[in-house]
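To start, I am sharing the structure in question, which I have written as structure tokens.
The values are calculated or read from the model by the stated rules, or taken from the named source; none is laboratory data. Only a predicted model underlies this, so the values are computations on that prediction, with no experimental measurement involved. Don't worry about glycine lacking a Cβ; one is built from the backbone with ideal geometry, like all the others, and counts go over all protein chains shown. In case anyone asks, the SASA skips ligands and DNA or RNA and just uses the protein heavy atoms, side chains included. Shrake-Rupley method; radii C 1.70, N 1.55, O 1.52, S 1.80 Å.
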Amino acid sequence: MTTNPPLALSQFRVLDLTQSHGQYASRLLADLGADVIKVEPPEGGPDRWAWPFAGDVPDRERSLSFLHFNTNKRSVVLDLTTANGRKAFLKLAAAADAVVEDLPPGYLAKLRLGYHDLRKVNPGIVMTSITPFGQSGPRSYYEGTDLVIQAMSGWMTTDGDNEFPPCAAPGDPTVHLAGMHGAMGTLLALWARGEHGRGQHVDTSLYEVMVTSLSSMPISRYSLSGEIVRRPGRRVNTAAVNYYPCKDGYVAMNIHFDHLWERLVKWVNHPVLNEPYWLARGARQQNADLVEEILQEFSSNMTAEEFLKGALALGLPVARVNTFSEALEVPQLKARHWLQEVHHPVLGRISVPGLPWLLRGTPPRVRRSAPLLGEHTEEILREAAATAVQRGASTNRPKQVPPRTPLEGIRVVDLTRAFAGPFASRLLADYGAEVIKVESDLFDTQREGRAGTFTELNRNKLSITLDLHHPDGQALLKKLVAVSDVLIDNYRPGTLERFGLAYDDLKEINPRIIVVSMPAYGSTGPAAGHAAHGTQLIANAGITHLWGHPESPMQARSKSTYPDLVAGAQAALATLAGLHGRKGTGAGQSIEVAQSEVLLSTLGVGLLDYLVNGRVWQPTGNRRAFAAPHDLYPCRGLDAHCAIACVTEEQWRSLCQVMARPDLAEDARFATLQDRVTNVEELDQIIATWTRDLTPSQVAYLLQRARVPAGAVQTGEDIYYDWHLRERGYVARVDDPETGDTEISGLTAHLSETPGRQQMQGRPTLGGANDYVFHQILGLSQEERQRLEAEKAIA
């Protein structure tokens with residue numbers, strides 16, 4: 001009989017009260033092995049009626065959105081509006097480790113099921129609340145949707161076509177990113193509970209998560225320079241960073257480094273570009289339009305496959321602009337067997353998207369399909385009766401004084417560069433881990449010209465200087481690994497192996513070490529060695545194809561680096577799962593976070609629509625099939641817009657009342673959602689006539705008073721001065737060694753007992769922790785250190 005290996009979170013039971021914003025958090029916990037029990041009302045929640053449906057047949061057991069967000073969970077039916085339902089829930093809570101919920105702030109407290117009620121029956125319980133604007137602050141009661149949050153968080157003003165209204169990113173990134181940070185907060189709280197026995201309340205705001213996940217870093221950027229990043233459209237800041245036409249589609253290419261430029265020029269072999277003048281990066285920036293004309297003429301004479309073959313042979317970062325169907329057909333995914341098979345009670349055996357990480361010691365897997373409504377009610381209630389006393393006893397003796405930060409005592413060796421890796425280790429540092437960043441002044445430290453960005457990505461860390469090409473530098477790193485918990489890197493596959501620092505080498509030194517790698521496409525498969533930036537990842541995944549208005553030219557589409565921040569969050573989450581798993585197994589493990597697979601895993605609804613229905617999504621701007629109105633509307637001011645999204649009939653009728661047009665609610669053209677979708681052009685014109693005389697903030701204020709989701713499209717300046725963010729303490733201040741007094745983004749998971757670092761530290765000075773690490777931690781003598789410095793091992 002074959003026994004499955006242990007799962008990282010199999011020791012935890014989580015009650016899931018999510019129906020919208022928080023579903024992905026509980027899905028991630030379930031994927032990592034937690035027993036997640038979805039608590040549903042007798043008729044099911046609105047999430048069971050979310051578009052699209054298998055076979056386009058609306059039915060609560062055929063929602064592909066529900067399938068995506070609820071795989072690996074069990075379902076129990078309880079009516080929490082009744083005394084018996086609440087009693088049964090409290091019994092479940094006594095046997096649970098955590099509750100994840102996304103209901104309006106205060107709703108559960110009114111039912112006497114809030115955090116303070118639950119801790120009476122289980123002092124060790126963790127409650128994670130994931131809401132649009134958090135549990136506190138002047139906007140805490142605001143309605144929020146993916147469109148509204150993207151509009152307010154700056155995602156729509158910094159990227160894309162500037163000749164059309166701003167455009168939301170596809171695939172509900174707010175729900176997925178908030179899910180990652182909410183799950184991370186849950187694991188942080190559970191880790192802290194292991195130290196002091198106390199549960200706590202975790203508050204995660206979609207709005208704050210999305211501001212944090214904006215690669216332009218709006219708060220630090222505005223704090224340092226007053227700069228407001230705006231949509232560039234077709235304009236490129238540097239030549240050879242764009243989308244290029246081929247005979248049968250487009251490719252994405254990013255050439256940032258001089259040695260890659262030299263390879264590209266040799267391949268193109270154009271007399272103008274062969275001039276030495278273009279070797280200077282400034283020349284390529286000042287004359288980008290001329291270079292782009294030459295490069296696009298070059299690419300247009302090839303098929304996409306011919307361009308990719310030639311560019312990849314030279315090691316250039318390139319990728320095809322795929323649709324969802326093409327994204328799933330790439331040889332890399334097939335070689336890695338990323339798609340998985342699952343049996344659904346109604347749909348039968350189907351292919352589903354894979355998971356965002358590989359934890360080789362505690363491998364996550366798709367264990368079951370999304371549950372039918374109440375499928376596991378009897379067994380769950382029976383289990384609760386048997387385990388309540390046992391679980392309560394394990395968490396019922398809290399210590400008096402919890403530590404200040406949840407990860408106090410955890411040491412992380414940080415071998416990351418660029419965006420994704422540094423963001424992952426920064427998240428760990430924010431919550432108290434001692435993160436030691438390994439740099440070398442012999443090579444590009446990526447500090448120049450990135451003052452605000454470098455600080456945001458590397459705050460709260462220490463810095464040492466080591467040359468890992470030097471045998472003695474490698475030996476020092478191994479000594480540091482011997483007394484550390486985690487090593488994280490985002491080098492290309494094979495790099496650490498060449499240094500003798502592969503996981504198999506390091507576990508011989510420290511069997512408890514957790515090694516987290518973040519390759520672009522994974523460590524195996526035909527694309528394992530390919531380089532990629534965020535632009536290649538969104539092109540490869542099908543996001544570029546979708547992210548824009550149908551009329552927007554490809555060169556004006558987004559070139560965002562947001563995949564880096566998605567991958568960083570998933571890597572931090574996987575690291576925490578690895579730490580929890582180590583408590584059970586006693587051993588460390590190797591964790592792989594392939595950034596391309598991380599991104600694809602967030603697109604599950606669209607991928608399932610293709611896999612099950614054969615439908616390939618096409619760009620629709622801000623309009624969606626599941627809501628109308630659902631768009632940006634012009635307002636008074638320059639490039640001023642407000643997002644409005646009516647998801648329910650009640651919201652639609654309230655919008656009509658606020659516009660003083662109650663007749664529209666009875667108009668046959670707009671009587672049902674399908675009618676409004678069919679007649680959306682007329683509908684949008686009517687709404688735009690009303691919004692044009694008002695500012696975006698006026699529109700949002702009037703509609704939010706009526707419980708209609710709406711939000712002003714905000715710039716970085718608006719976010720910097722946002723009173724809601726400041727009242728919640730999200731804007732933090734650091735004394736940076738290079739830039740001085742600087743304001744930066746704050747924490748995304750607010751823990752009531754162990755809240756993370758309250759006094760932020762700015763960027764570390766290069767090698768600023770050499771004394772501490774080499775002498776206090778590693779015990780080097782002064783003479784030995786001087787020798788290693790002279791030999792440039794410490795450099």
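Could you pull out every one of the strands (runs of 3 or more DSSP E) wholly within segment 166-278 that has 2 or more residues that are aliphatic (A, V, I, L, M)?
The qualifying strands (runs of 3 or more DSSP E) are 249-254.
Need at least 1 residues that are closer than 24 Å to Asn622 by Cα and either open to solvent by 80 Å² or more (accessible area, probe 1.4 Å) or in contact with a strand residue (DSSP E or B) (Cβ under 8 Å, 6 or more places away or on another chain) (or both) per element, so show me which strands (runs of 3 or more DSSP E) inside segment 645-745 make the cut, counting only ones lying wholly within it.
710-712
Here is a follow-up. Between residues in segment 43-69 that are aromatic (Phe, Trp, Tyr) and residues that are in a helix (DSSP H, G or I), which pairs lie under 7 Å by C-beta distance while being six or more apart or on different chains?
Qualifying pairs under 7 Å: Trp51/Ser65; Phe53/Leu64; Phe66/Asp47; Phe66/Arg48; Phe69/Gln23; Phe69/Tyr24; Phe69/Arg27; Phe69/Asp47.
If I go through segment 290-317 residue by residue, how many of them are under 33 Å from the mean Cα position of the chain (by Cα), under 22 Å from Arg234 (Cα atoms) and of a type in the set (D, E, K, R)?
The total comes to 1.
Further, regarding this structure: Here are the criteria: (1) in a helix (DSSP H, G or I); (2) surrounded by fewer than 24 Cβ atoms within 10 Å (Cβ to Cβ); (3) modelled with pLDDT of 95 or more; (4) of a type outside the set (A, V, I, L, M, F, W, C). Tell me which single one Gly432 does not satisfy.
(1)
Go over the candidates Asp472, Asp467 one by one and state the one that is assigned to a helix (DSSP H, G or I) and of a type outside the set (S, T, N, Q). First the steps, then the outcome.
Numbers: Asp467 fails: assigned to a helix (DSSP H, G or I).
When all the criteria are applied, what remains is Asp472.
Checking the condition assigned to a helix (DSSP H, G or I) and buried (at least 24 other Cβ atoms within 10 Å of the Cβ), which residue from Leu537, Leu579 passes? Give the derivation first.
On the way: Leu579 fails: buried (at least 24 other Cβ atoms within 10 Å of the Cβ).
Going through Leu537, Leu579 in turn, just one is assigned to a helix (DSSP H, G or I) and buried (at least 24 other Cβ atoms within 10 Å of the Cβ): Leu537.
Is it the case that some residue within segment 482-492 is closer than 22 Å to Leu308 by Cβ, open to solvent by 20 Å² or more (accessible area, probe 1.4 Å) and either in contact with a Phe, Trp or Tyr (Cβ under 9 Å, 6 or more places away or on another chain) or not in a strand (DSSP E or B) (or both)? Give the steps one after another, and end with the answer.
The initial filter retains those residues of segment 482-492 that are closer than 22 Å to Leu308 by Cβ, namely 492.
Subset that is open to solvent by 20 Å² or more (accessible area, probe 1.4 Å): 492.
Those left that are additionally either in contact with a Phe, Trp or Tyr (Cβ under 9 Å, 6 or more places away or on another chain) or not in a strand (DSSP E or B) (or both): 492.
Among the residues of segment 482-492, at least one is closer than 22 Å to Leu308 by Cβ, open to solvent by 20 Å² or more (accessible area, probe 1.4 Å) and either in contact with a Phe, Trp or Tyr (Cβ under 9 Å, 6 or more places away or on another chain) or not in a strand (DSSP E or B) (or both), which makes the answer yes.
Just checking, does segment 551-564 include any residue being modelled with pLDDT of 95 or more, under 23 Å from the mean Cα position of the chain (by Cα), closer than 24 Å to Val352 by Cβ and of a type outside the set (Ser, Thr, Tyr)?
No - not one qualifying residue is present in segment 551-564.
Specify the residue that is surrounded by the fewest Cβ atoms within 10 Å (Cβ to Cβ); the eligible residues are those in segment 158-183 that are modelled with pLDDT under 95 and among the polar types (S, T, N, Q).
Filtering segment 158-183 for residues that are modelled with pLDDT under 95 and among the polar types (S, T, N, Q), the one surrounded by the fewest Cβ atoms within 10 Å (Cβ to Cβ) comes out as Asn162.
On to the next question. Which of (1) crowded, with 21+ Cβ neighbours inside 10 Å; (2) farther than 24 Å from Phe12 by Cα is the odd one out, the single condition Thr620 does not satisfy?
Condition (1) is where Thr620 drops out.
A further question on this structure: Being at pLDDT 95 or above and open to solvent by 20 Å² or more (accessible area, probe 1.4 Å) narrows it down to one of Gly361, Gly354, so name that one.
Of Gly361, Gly354, the one residue that is at pLDDT 95 or above and open to solvent by 20 Å² or more (accessible area, probe 1.4 Å) is Gly361.
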